[in-house]
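Asks: Quick one: structure below, then a few questions.
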Amino acid sequence: MEYTEDQIQQVWNKARSKPNSGDATFGDICQVEIKFLQYDKETEFGWKIFSSRPNTTEFNIHFLQPVHWQNCERNFDNTPKCLES
């Protein structure tokens, strides 16, 4: 699914602030550091939009979260599998 800039920002706003790490660094659900400008990149701080409803074609912020690109593998319950930490 392609996301607009506004949708990307909405998902990014769900990232968790990392204390004492600078104002551009946040953490995903696995507590791995991600940076906004690294969206859709497979870099040290790269991240993607992870959907807990992978087959939906509608944008629903409730089911989306920012996740480090290495944590985009799914568990059986459609939660991110934390591979990178």
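The values are calculated or read from the model by the stated rules, or taken from the named source; none is laboratory data. Nothing here was measured: the structure is a model prediction, and the numbers come from that model. Counting neighbours? That spans all protein chains shown, and the Cβs are built from the backbone with ideal geometry, glycine included.
Asks: From the list Phe59, Phe50, exactly one residue is in a loop (DSSP other than H, G, I, E, B) and in contact (Cβ under 8 Å) with a residue 24 or more places away in the chain. Which is it?
Replies: Sole residue among the options that is in a loop (DSSP other than H, G, I, E, B) and in contact (Cβ under 8 Å) with a residue 24 or more places away in the chain: Phe59.
Asks: Inspect all residues belonging to region 18-31 and state whether any of them is among the hydrophobic types (A, V, I, L, M, F, W, C), at pLDDT 90 or above and either touching a Pro at 6+ places or on another chain (Cβ under 6 Å) or not in a loop (DSSP other than H, G, I, E, B) (or both).
Replies: Checked region 18-31: no residue is among the hydrophobic types (A, V, I, L, M, F, W, C), at pLDDT 90 or above and either touching a Pro at 6+ places or on another chain (Cβ under 6 Å) or not in a loop (DSSP other than H, G, I, E, B) (or both).
Asks: Can you go through Ile61, Ile34 and tell me which one is modelled with pLDDT of 90 or more and in contact with a strand residue (DSSP E or B) (Cβ under 6 Å, 6 or more places away or on another chain)?
Replies: Answer to the selection: Ile34.
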